[in-house]
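What follows is a short report on a single structure.
The values are calculated or read from the model by the stated rules, or taken from the named source; none is laboratory data. Nothing here was measured: the structure is a model prediction, and the numbers come from that model. Don't worry about glycine lacking a Cβ; one is built from the backbone with ideal geometry, like all the others, and counts go over all protein chains shown. Surface accessibility is based on the protein's heavy atoms, side chains included, excluding ligands, DNA and RNA. Shrake-Rupley method; radii C 1.70, N 1.55, O 1.52, S 1.80 Å.
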Amino acid sequence: VQLQASGGGLVQYGGSLRLSCAASGRTFSSLVMGWFRQAPGKEREFVAAISWSGGSTYYATSVKGRFRISRDNAKNTLYLQMNSLKPEDTAVYYCAAHDPNGGSYYVPREYDSWGQGTKVTVSS
């Protein structure tokens with residue numbers, strides 16, 4: 001599956017952004033999808049994941065209650081609504097498709113397709 005992330009930008013502390021990830025190719029609706037982020041000098045970290053149906057969602061502790069992952073299978077699109085943004089949320093955000101034969105949803109190596117990333121900067 002090919003993934004194209006968009007929606008990043010510069011936002012002030014406490015602001016909101018919605019990221020989108022357009023998918024094409026392999027059947028999007030059958031895949032677990034995730035969002036990861038990577039700040040300068042840090043490793044890529046899990047942000048959120050969502051089951052193929054959207055019925056189950058998973059969040060990193062640092063974003064729980066502030067971020068919401070969702071998907072529209074009719075539009076082949078994944079979303080990440082980010083509210084109450086903090087400077088520590090500054091990073092490049094990546095959408096990814098989980099390997100159907102993979103394991104944990106929380107680990108980057110279990111995802112086999114990645115978007116190009118979209119940069120989010122939160123000013124204090």
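A few remarks follow.
- Segment Asn73-Lys86, extension gain: residue separation times 0.36 nm, minus the distance between their alpha carbons: 1.7 nm
- Taking N as its residue count, the alpha carbon Rg of the chain over 2.2 N^0.38 Å: 0.97
- The chain - charge dipole about Cα centre, Lys and Arg +1 at Cβ, Asp and Glu -1, debye rounded to 20: 260
- Apportionment of accessible area to carbon and sulfur, the range 60-124, percent (1.4 Å): 44
- Whole-number percent relative contact order across the range 1-99, with pairs defined as alpha carbons under 8 Å at least 6 apart: 36
- What the Cβ-Cβ distance of Thr121 and Ala60 gives, at R0 = 25 Å and to the nearest 0.05, is a FRET efficiency of 0.85.
- Sequence-distant lysines (8 or more away, or on other chains) whose Cα lies within less than 21 Å of Lys119: Lys42, Lys64, Lys86
- The residue among Thr118, Ile69, Ser84 whose Cα reaches farthest toward the positive pole of the charge dipole of the chain, with charges on the beta-carbon of Lys, Arg, Asp and Glu, is Ser84.
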